[in-house]
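Enquirer: Structure in structure tokens, see below.
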Amino acid sequence: RQGIGEPSVYHAVVVIFLEFFAWGLLTTPMLTVLHQTFPQHTFLMNGLIHGVKGLLSFLSAPLIGALSDVWGRKSFLLLTVFFTCAPIPLMKISPWWYFAVISMSGVFAVTFSVIFAYVADITQEHERSTAYGLVSATFAASLVTSPIIGAYISQAYGDTLVVVLASGVALLDIGFILLAVPESLPEEMRPVSWGAPISWEQADPFASLRKVGQDSTVLLICITVFLSYLPEAGQYSSFFLYLRQVIGFSSETVAAFIGVVGILSILAQTVVLGILMRSIGNKNTILLGLGFQILQLAWYGFGSQPWMMWAAGAVAAMSSITFPAISAMVSRNADPDQQGVVQGMITGIRGLCNGLGPALYGFVFYLFHVELNEMAEVETLGKASKPNMANPTDESSIIPGPPFLFGACSVLLSLLVALFIPEHNLTLRSGSHKKHSNGAQTHPHSPQAGGAEGKEPLLEDSSV
């Protein structure tokens with residue numbers, strides 16, 4: 001095998017850490033460049049850029065996963081990391097090209113799909129959840145540390161050095177894949193030639209969505225995921241810009257906010273989640289997480305003071321227990337040979353939200369005239385001047401963050417749907433197995449299910 005040692009989870013962990021560490025360093029410079037490039041309709045353009053990227057990722061992820069099932073993981077890890085990090089040096093060369101390449105990079109910005117397939121190749125089924133959790137925790141750790149480092153370097157030495165450092169980390173990641181990462185897909189599973197057939201049904205991004213209506217419980221879970229993850233995806237794309245330009249956070253405070261909420265989220269998803277699952281059960285943990293998410297979004301929507309954002313951030317950390325709890329419920333109630341198929345449905349829904357959420361948030365900001373066109377650069381925490389709230393009769397003085405309020409309403413609907421999900425669902429287990437058997441008579445699902453299990457994670461991270 002090319003690479004260092006046998007393929008392991010630690011190879012995957014290093015690849016993920018370096019990629020997202022590089023992007024995390026750019027948190028502060030990216031907010032500045034975004035405002036300078038699009039001084040009018042900043043939130044709208046931000047939403048469109050992330051929306052195009054998310055939709056392209058949703059469309060391409062199954063195809064890249066299917067190709068990696070045939071031709072191996074290492075080459076596609078190299079491809080996805082290279083194209084995901086390609087826009088980084090363009091930030092200082094040409095901001096317009098930077099944002100254009102970010103949008104188009106969504107076609108290949110699916111490193112997580114290939115990483116989870118890599119992990120599935122080298123772990124037993126009973127080890128997989130732990131391995132996925134380690135990869136997700138590494139992702140969170142990289143985003144906790146890098147924005148603070150990037151903000152400090154930007155303040156002390158300027159944005160150019162941050163971009164150079166991020167580009168260096170990205171090159172280090174590419175070099176690590178080339179030299180150190182061994183191929184995880186066994187030789188006997190790979191075809192002799194590059195003309196091997198591919199399961200186009202497996203590569204269809206809408207295939208998992210079409211299966212949603214076949215089981216009532218799966219349908220309820222998918223609606224819950226869609227209504228709750230749509231606002232989260234939109235919030236992730238615009239929230240740091242919102243903190244910086246509308247609330248008045250400095251670059252350093254935004255970085256500190258990311259770090260504190262990230263650490264609290266890791267604690268919530270490890271310590272608190274385990275206690276809640278044992279004490280109140282799976283379904284009640286999901287409902288509690290959705291309740292925290294409603295409170296968090298409402299607080300963001302009505303909050304206009306920095307301390308309110310910090311308090312809502314602590315609540316946001318608690319709301320991060322929702323998706324691990326949903327994944328655990330699905331994993332527990334589905335047949336072993338249906339894990340990939342059912343998890344693939346949820347992954348497909350979340351991928352769709354990654355495209356729709358940012359565009360929705362940008363559009364709502366635009367509708368409510370929450371814009372930055374008259375706003376000077378905010379560099380100090382607690383700066384009193386907030387031009388978008390200057391007119392006390394303006395709606396933004398009452399609701400500073402309209403999209404967050406829309407998001408709270410969406411999650412409230414999600415909570416109402418989740419109430420109808422059975423606590424102990426035997427229908428999903430027997431129903432999925434029955435449909436799997438019946439489907440085999442008309443067209444074989446077994447290879448698809450097996451292939452999907454290689455691609456779809458049991459616990460995929462929610463920010464990708």
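The values are calculated or read from the model by the stated rules, or taken from the named source; none is laboratory data. In this text, all values refer to a predicted model and were calculated from it rather than measured experimentally. No Cβ is skipped: glycine too gets one built from the backbone with ideal geometry, and neighbour counts run over all protein chains shown. Side chains included, ligands, DNA and RNA excluded: accessible areas come from the protein's heavy atoms. Shrake-Rupley method; radii C 1.70, N 1.55, O 1.52, S 1.80 Å.
Enquirer: When all C-alpha to C-alpha distances in region 246-306 are sorted into bins of 10 Å, what percent of pairs does each bin hold, rounded to whole numbers?
Expert: With 10 Å bins starting at 0, P(r) equals 19, 39, 30, 12, 1.
Enquirer: Test of understanding: what is the full-extension gain from Ser279 to Leu367, defined as 0.36 nm times their sequence separation minus their Cα-Cα distance?
Expert: Working: separation 88, 0.36 × 88 = 31.68 nm, distance 4.39 nm.
Value of the extension gain: 27.3 nm.
Enquirer: Roll a 1.4 Å probe over the protein chains and send me the accessible area per residue for region 1-186 in Å². Could you put the intermediate results ahead of the total?
Expert: Numbers: 7140 Å² over 186 residues.
Value for region 1-186: 38 Å² per residue.
Enquirer: With r as the distance between the Cβ atoms of Ser216 and Gln36 and R0 = 35 Å, compute the FRET efficiency 1/(1 + (r/R0)^6) and round to 0.05.
Expert: Details: r = 50 Å, r/R0 = 1.44.
Once rounded, the FRET efficiency stands at 0.10.
Enquirer: Would you mind getting me the FRET efficiency between Met45 and Gln124? Use the beta-carbon distance for r and R0 = 60 Å, nearest 0.05. Walk me through the intermediate numbers first.
Expert: Numbers: r = 46 Å, r/R0 = 0.77.
Using R0 = 60 Å, I get an efficiency of 0.85.
Enquirer: Continuing with this model, one more query. Which residues does the label zone of Phe420 cover in region 256-291, counting backbone N under 19 Å from a point 7 Å along Cα→Cβ?
Expert: Only 283-284, 286-288, 290-291 pass the distance filter.
Enquirer: A follow-up question, please. Computed FRET efficiency, Cβ-Cβ of Phe302 and Ser75, R0 41 Å: what is it to the nearest 0.05? Show your work: numbers first, answer last.
Expert: Working: r = 49 Å, r/R0 = 1.20.
About 0.25, to the nearest 0.05.
Enquirer: Obtain the nm distance between the two label points defined at Ile4 and Tyr157 by a simple spin-label model: each point lies 7 Å from its Cα along the Cα-to-C-beta direction.
Expert: Calculated label separation equals 2.4 nm.
Enquirer: Obtain the radius of gyration and the Kirkwood radius of region 17-72 from its C-alpha atoms and give Rg over Rh.
Expert: 1.14
Enquirer: Same structure again: List the relative contact order of region 1-186 as a percent without decimals, with contacts defined as Cα pairs under 8 Å and 6+ residues apart. Spell out each step's value before the answer.
Expert: Values: 239 pairs, mean separation 89.2, N = 186.
That works out to 48 percent.
Enquirer: So what does Asp69 come to for accessible area, using a 1.4 Å probe and Å² rounded to 10?
Expert: Here the accessible area works out near 30 Å².
Enquirer: Once Rh for region 1-186 is found with the Kirkwood sum over Cα pairs, what is the Stokes-Einstein diffusion coefficient at 10 °C and 1.306 mPa s, in µm²/s?
Expert: Values: Rh = 17.1 Å.
Value of D from the Cα-based Kirkwood radius: 93 µm²/s.
Enquirer: Rounded to the nearest percent, how much of the accessible area of region 1-186 (1.4 Å probe, protein heavy atoms only) is carbon and sulfur?
Expert: Working: 5140 of 7140 Å².
Within region 1-186, the accessible surface is 72 percent carbon and sulfur.
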